[in-house]
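The values are calculated or read from the model by the stated rules, or taken from the named source; none is laboratory data. As the structure is a prediction and not an experimental result, all values here were calculated from the model. Note that we place each Cβ from the backbone using ideal geometry, even for glycine, and neighbour counts take in every protein chain shown.
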Amino acid sequence: MIKSIAIKFLLLLSIFCGLNIIYTHTFYQSDLVKYAKEDLDIKQSQENTDVYYFGESSNITYAPDDSTQASISSLCNLFYPQLKIVNINKYATHAGIYRHWLKQMDGRKKLPKAIVITMNLRSFDAAWIHSKLESSLQQSMVMSQAYPHLMNRFLLALQAFDNKTVEQREKDMQKQWKTEQLIFDIPFKYKTVREWDDGMANGGHLTPDGKWDMKKIELACHYIKAYAFNLNENNPRIIDFDDISLWCKKQGIHLYLNLLSENIAYADSLVGKELVFLMRQNRDYLKQRYQSENTTVIDNLELVNGHDFIDQNWTTEHYNERGRMRIAKNVAEALKIQFNKAYIKAY
Amino acid sequence: MLFNSLSFLVFLPIVVLLYYLIAPKYRWLLIFIASCYFYMAFVPEYILILFFLILVDYFAAILIERNQGHKRKLFLIASLTCNILLLFFFKYFNFANQNLEAFGSLFSLHIKPSHLNIILPIGLSFHTFQSMGYTIEVYRGKQRAEKHLGYFANYVLFFPQMVAGPIERFQTLGNALKAEHRPLLENFKSGLRLILFGLFIKMVIADNLAPHVNLIYDAPLQHSGAEVLMAIIFFSFQIYADFFGYSTIALGSAKLLGIDIMDNFKTPYLSKSISEFWSRWHISLSTWFRDYVYITLGGNKVSLPKWTFNILVVFAISGLWHGASWTFVVWGLLHGLLRVMESYFSKLFNFKAKDKWNIISVFLTLKTFALCALIWVFFRAESFAKAMDIFSALTHNPFFGLKWHELAFPLLLILIMIIWDMALYTKRFDHFMDEHKAPVRWLIYSGLLFLLLAMAGTQKFNFIYFQF
């Protein structure tokens with residue numbers, strides 16, 4: 001019986017290898033386009049690429065009345081016309097996905113000289129960590145795992161990735177808001193996001209006639225949930241950025257962490273100085289943790305004016321052309337560390 | 001835990017391996033632990049409901065057996081009441097209240113009944129029916145009450161069939177669970193073949209049809225009649241592939257443990273009549289209703305009007321069993337009505353379809369499929385209004401507006417399904433494979449394996465019958 005099983009097992013293994021070859025030459029490419037387009041973009045980008053720009057919606061969102069719809073990365077490219085800057089973009093992406101994208105370059109003969117990675121302060125918050133979009137982001141990584149292509153395709157169908165339900169993610173998010181203690185250097189009455197949010201929800205803003213200003217309250221609550229956290233080494237994004245930083249160091253690639261602008265003035269007027277304190281404290285933490293010989297943290301946190309944010313009624317990092325141009329210029333300035341000779345003053 | 005998940009594909013071999021490694025007398029404990037673990041992957045605390053159900057029916061059966069006369073009946077009624085109340089509480093409470101509210105509003109009464117915001121325990125209708133079947137059998141004297149609580153618990157909990165059937169009788173599953181099984185190559189071969197085929201049917205056919213069906217059913221009025229017609233046909237195959245796929249994996253998983261459970265499907269869409277369809281579709285439920293409801297009501301030994309009434313009652317309950325909504329009741333009633341009409345007409349014209357295939361039987365098969373497909377609309381639509389939208393959309397531009405490039409793949413899948421059904425008309429997949437020589441068998445394995453690994457649907461679709 002054992003001999004018979006062994007023969008069958010070997011036969012099955014050979015069939016699998018054959019099927020894997022057939023799959024790789026038939027459907028694999030179209031599946032990559034369908035499920036992991038960014039991985040394919042990285043794999044197909046030419047090896048003479050100088051700089052990769054990894055971003056999310058902030059890079060490619062524009063206002064309807066913008067005179068140019070150029071992305072931050074393309075605007076940045078204006079300062080370095082001789083450099084080949086390749087832009088890889090996906091909505092709601094975060095450090096975990098960027099790390100995965102970097103790994104797609106493993107085994108290349110020639111690596112880029114620099115990588116610019118978008119660092120969105122909100123991506124460190126509980127709402128983004130436990131976002132319902134996370135499952136589809138996790139799904140996008142399955143096709144490029146270190147298994148045979150056919151196996152990866154099957155794992156995708158088996159939903160073999162972090163595929164928690166929306167309800168479970170919501171539960172995890174609420175738990176984090178309720179239990180994670182906020183640490184301030186200044187006296188403050190609220191200890192958690194939940195407490196702070198409840199405090200704001202109970203009449204935090206009044207209209208001139210003394211009624212609750214529900215619109216403002218709602219937005220203020222949203223700001224609290226988006227920015228009220230203390231960064232530390234246990235944050236999953238920090239763990240991922242640590243990995244990214246280490247990988248770049250090993251490969252000898254200069255890493256630029258493009259910390260995006262947030263609407264600080266609005267956060268101040270809506271919620272107060274305590275929230276701004278946390279935002280700045282987290283910015284300082286990131287700079288302190290990552291700024292090194294090999295890594296540059298480009299601090300844009302307070303660079304863009306409040307009115308240059310496209311979404312005034314929500315927390316996003318979507319800027320109009322003025323905002324994008326300012327950030328692109330700042331990134332271009334930072335890149336001078338390596339590419340000073342190639343720099344031209346574009347605007 | 002879903003059959004089409006990585007966790008199950010790891011869980012099953014571990015259980016099978018341990019099952020044959022440990023001494024036979026402890027195997028019941030392994031099955032019990034494995035089944036609890038399997039069930040608790042959904043909503044862990046709901047296992048307590050199952051334990052309650054097991055204890056009630058375990059003791060009820062013993063008491064029925066030990067007592068005589070009206071006491072026996074009393075214990076049976078107590079057991080059935082417990083089961084039905086449990087089912088009612090979790091499945092029908094909100095439905096009953098909605099109807100009460102609607103009924104009250106007819107008389108301008110503003111009844112505001114409470115609404116339970118709870119998730120239906122997965123497979124509850126299956127466990128309760130299986131368990132009720134057992135106590136009825138003990139009451140009828142056809143089965144002795146099981147004294148070993150562990151074996152009885154396993155009969156209710158047995159993980160391959162616990163969440164969506166087949167609804168087994170204790171005479172078969174209960175005794176099979178007690179038997180001592182040796183690791184036989186034949187069982188492994190059969191089991192693995194069935195699992196491969198079941199996964200293929202579910203993950204390739206059903207899961208690739210589902211997105212097309214959902215797209216149309218979500219907004220039927222935005223699509224042409226031809227597209228809606230396609231969705232109706234696709235859903236008929238989706239639900240078949242989904243449930244048949246589940247049942248086949250269940251069969252294969254049990255077979256790996258040396259346990260035979262019943263076939264729940266026998267190519268139902270090749271039926272020439274509605275009555276034949278019900279002898280081939282969800283067989284375990286049909287036979288349950290036949291044995292415990294239809295026969296209790298008098299079976300066919302009653303007058304024609306009474307028989308008609310009985311058939312309609314059985315089908316209406318069967319519809320309600322599927323879901324707490326009037327759409328399911330209508331689905332059941334329509335099947336019942338067709339069943340009755342078929343019987344009247346066949347008596348009137350003294351017509352009986354022949355087993356042999358000819359042009360008439362092909363026509364009858366197509367007619368039966370068309371009727372079933374149309375009635376499935378009530379099963380799939382979330383409400384009457386949605387069902388009506390589907391039928392209304394059917395009349396708009398019924399012959400054009402098809403995007404053939406999008407339909408080519410699902411149509412190909414349906415063709416594959418039809419070919420398989422024709423091949424498996426009188427036999428099960430594992431037996432079908434036995435009839436072929438090794439090169440043909442391995443060619444079929446390779447084809448199925450390739451389609452499964454490379455073409456399985458990538459969206460998450462739970463087994464449709466899990467919700468019941």
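Checked against the criterion of being farther than 30 Å from B:N97 by Cβ, outside the structural domain of B:I418 (by TED's automatic domain parsing) and of a type in the set (A, V, I, L, M, F, W, C), the candidates B:L304, B:L297 yield just one match: B:L304. For the stretch A:132-163, residues that are within 11 Å of chain B (Cβ to nearest Cβ) and part of a loop (DSSP other than H, G, I, E, B) total 7.
So in the stretch A:11-25, with the set limited to residues that are more than 8 Å from chain B (Cβ to nearest Cβ) and within 35 Å of the chain's Cα centre (by Cα), which one is surrounded by the most Cβ atoms within 10 Å (Cβ to Cβ)? That would be A:N20.
Take A:Y28 and tell me if it is touching a residue at least 40 places away in the same chain (Cβ under 8 Å), within 14 Å of chain B (Cβ to nearest Cβ), more than 30 Å from A:Q176 (Cα to Cα) and within 21 Å of the chain's Cα centre (by Cα). The answer is no for A:Y28.
Scan the stretch B:164-199 for residues that are assigned to a loop (DSSP other than H, G, I, E, B), closer than 15 Å to B:M262 by Cα and among the hydrophobic types (A, V, I, L, M, F, W, C) and the total you get is 2. Of everything in the stretch B:418-461, what is within 11 Å of another protein chain (Cβ to nearest Cβ), surrounded by fewer than 16 Cβ atoms within 10 Å (Cβ to Cβ) and in contact (Cβ under 8 Å) with a residue 60 or more places away in the chain? Give them in sequence order. Correct list: B:Q459 only. Scanning for something of a type in the set (K, R) and either in a helix (DSSP H, G or I) or touching a Ser or Thr at 6+ places or on another chain (Cβ under 8 Å) (or both), does the stretch A:107-115 turn up at least one residue? Checked against the condition, which is being of a type in the set (K, R) and either in a helix (DSSP H, G or I) or touching a Ser or Thr at 6+ places or on another chain (Cβ under 8 Å) (or both), the stretch A:107-115 yields no hits at all. Apart from one condition, B:S361 fits all of (1) polar (S, T, N, Q); (2) in contact (Cβ under 8 Å) with a residue 60 or more places away in the chain; (3) under 30 Å from B:A324 (Cβ atoms); the exception is (3). Restricting attention to the stretch A:167-178, and to residues there that are more than 16 Å from A:Y227 (Cα to Cα) and touching a residue at least 12 places away in the same chain (Cβ under 8 Å), which single residue is nearest to the chain's Cα centre (by Cα)? Within the stretch A:167-178, the match that is nearest to the chain's Cα centre (by Cα) is A:R169.
Answer yes or no as to whether B:F351 is closer than 16 Å to B:S271 by Cβ and not in a helix (DSSP H, G or I). Yes; evaluated as a whole, the condition is true for this residue.
Let's see how each residue does on (1) within 14 Å of chain A (Cβ to nearest Cβ); (2) outside any helix (DSSP H, G or I):
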{"residue": "B:N4", "(1), (2)": "yes, yes"}
{"residue": "B:V16", "(1), (2)": "yes, no"}
{"residue": "B:Y19", "(1), (2)": "no, no"}
{"residue": "B:Y46", "(1), (2)": "no, no"}
{"residue": "B:D57", "(1), (2)": "no, no"}
{"residue": "B:K91", "(1), (2)": "no, no"}
{"residue": "B:L100", "(1), (2)": "no, no"}
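Of the residues screened, A:K189 is one that is at pLDDT below 90 and either under 21 Å from A:I129 (Cα atoms) or away from chain B (no Cβ under 14 Å) (or both).
Taking the stretch A:243-347 and the helices (runs of 4 or more DSSP H) fully enclosed by it, the elements with 2 or more residues that are of a type outside the set (G, A, S) and under 21 Å from A:F54 (Cα atoms) are at A:273-290, A:321-339.
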